[in-house]
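For reference, the structure is listed below as structure tokens.
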Amino acid sequence: MNKPPKTKPGGKKIETHGDNSAATWSGDIYQNNIYGKTDFDEISFEDLESQTKELPEIQPDFLNSLKEHRMLILGGELGGINKNELILQLAYLVAKDSQKTDSNKTNPQKADISIKFWRHSSSQQIIDLEPELRNRKTPTIFVFLDIEPKDINCSLQHIFSEIIPSLEHWVLFSTNRSFSSWHLNDNAQIFFNPNLNPKDIYGQDILVNELKNKLGENLKL
């Protein structure tokens, strides 16, 4: 049986609201990438750039923390921020900052880095994360949106402390569950901060956007 061809749907984008089992895409998509028991689609750098370019600028300290620790979970309400959009924005920025330059820094070239988006194809699907990370030989950003504790079969603290440091990957999660729902100990707050403030992420930009939204709502009245 022939493999499905690369497709270009055009005009669609990565769905960041609600159930991502029906996610749609823009640009070049590599369909049916299956690693072990977990299904992934590949997101192009250009697609992420297009979808996240209108979002507020992320604070350097927040981004640098992700670069250092290479793993992040965004959970809970998060002050009304769209966590899925934020995860995609972070994936784009990490990929962008991983670009290589020549010795004169005049000819930037994209590093050999992939961005893999988890395709939640079944409510029964279990993510066997450790072998997924170990078996992937080139630097990869793994993106998991709207994940639940039942979706994953390993300790996230083990992944963070024992697996991530030895590999060249990044792992980004969004979840609607709170920190306590994941039954993690306090050390896990390094990658899953239950007290994360929107201003720590977007600075004063988030306040400006909130004001604009309120003004827009008032003008409609």
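Could you tell me how many of the residues in segment 102-124 are of a type outside the set (Gly, Ala, Ser) and either at pLDDT below 75 or at positive phi (or both)? Residues meeting the conditions: 9.
I want to confirm something. Restricting to segment 174-187 and keeping residues that are in contact (Cβ under 8 Å) with a residue 24 or more places away in the chain and small (Gly, Ala, Ser), which single residue is farthest from PHE62 (Cα to Cα)? Among those that are in contact (Cβ under 8 Å) with a residue 24 or more places away in the chain and small (Gly, Ala, Ser), it is SER181. Number of residues in segment 68-99 that are of a type in the set (Asp, Glu) and under 9 Å from the mean Cα position of the chain (by Cα) equals 1.
Restricting segment 201-221 to residues that are at pLDDT below 90 and among the aliphatic types (A, V, I, L, M) leaves a set whose member that is surrounded by the most Cβ atoms within 10 Å (Cβ to Cβ) is ILE206.
The residues of segment 133-148 that are under 21 Å from GLY75 (Cβ atoms) and either in contact with a strand residue (DSSP E or B) (Cβ under 8 Å, 6 or more places away or on another chain) or surrounded by 17 or more Cβ atoms within 10 Å (Cβ to Cβ) (or both), listed by number, are LEU133, ILE141, PHE142, VAL143, PHE144, LEU145, ASP146, ILE147.
When segment 137-163 is examined, which residues are found to be at negative phi, touching a Ser or Thr at 6+ places or on another chain (Cβ under 8 Å) and in a loop (DSSP other than H, G, I, E, B)? THR138, PRO139, LEU145, ILE147, GLU148, listed by residue number. Reported count of residues in segment 188-200, each being assigned to a helix (DSSP H, G or I) and either touching an Asp or Glu at 6+ places or on another chain (Cβ under 6 Å) or modelled with pLDDT under 95 (or both), is 3. Of all the criteria given as (1) part of a strand (DSSP E or B); (2) free of Cβ contacts under 8 Å to residues at least 12 places away in the same chain, the one not satisfied by VAL171 is (2). Inspection of segment 42-55 finds a residue satisfying the criterion of being in a strand (DSSP E or B), surrounded by 14 or more Cβ atoms within 10 Å (Cβ to Cβ) and at pLDDT below 95.
Taking the criterion of being closer than 23 Å to GLN89 by Cα and either surrounded by fewer than 16 Cβ atoms within 10 Å (Cβ to Cβ) or of a type in the set (Asp, Glu) (or both), the only residue of segment 122-132 that qualifies is GLU132. The single condition among (1) modelled with pLDDT of 90 or more; (2) in contact with a His (Cβ under 9 Å, 6 or more places away or on another chain) that LEU93 does not satisfy is (2).
The values are calculated or read from the model by the stated rules, or taken from the named source; none is laboratory data. All values derive from a computational prediction rather than experimental measurement. So basically every Cβ, Gly included, is an ideal-geometry build from the backbone, and we count neighbours across all protein chains shown.
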